[in-house]
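Below is one structure, written out as structure tokens; comments come after it.
The values are calculated or read from the model by the stated rules, or taken from the named source; none is laboratory data. Note that this is a predicted model, so its numbers are computed, not measured. Methodologically, a virtual Cβ is constructed for each residue, glycine included, from the backbone with ideal geometry; neighbour enumeration extends over all protein chains shown.
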Amino acid sequence: MSGDWLAQAVGSAGSPGYYCSLAVIGSMPAISYYEAGSGDLWYVAALDAKGEAWGSPEQVDSLGDVGTYTALAEVDGKAAISYFDGTNRDLKYAIRLGP
């Protein structure tokens, strides 16, 4: 095995990490994920480009059982997430409006 890895928890409340997606937003890595305990969609971004420090997770959607099958991307410099709403059986899209 070659190379070294740094593994760390970036979201720790409840049951995070299901259906996660990783993307670079600006120059920072970011992750969208489904929190199984609450059935909510969450987003967390790194505070540095190497991903050595992470910000606080942000709840994106909590209206029903939402957030499975996330796909995170950068759209016009902003975080955008497509995901499944299990309650209403809809495909949903969220885009971060603020910084």
Residues of region 39-94 classified as farther than 13 Å from residue 19 by Cβ and not in a strand (DSSP E or B), total
18
For region 48-62, how many residues meet the condition of being more than 11 Å from residue 30 (Cβ to Cβ), more than 12 Å from the chain's Cα centre (by Cα) and either modelled with pLDDT under 95 or buried (at least 18 other Cβ atoms within 10 Å of the Cβ) (or both)?
5
Scan region 66-93 for residues that are without any contact (Cβ under 8 Å) to a residue 40 or more places away in the chain, surrounded by fewer than 17 Cβ atoms within 10 Å (Cβ to Cβ) and either touching a His at 6+ places or on another chain (Cβ under 6 Å) or hydrophobic (A, V, I, L, M, F, W, C) (or both) and jot them down.
75, 91
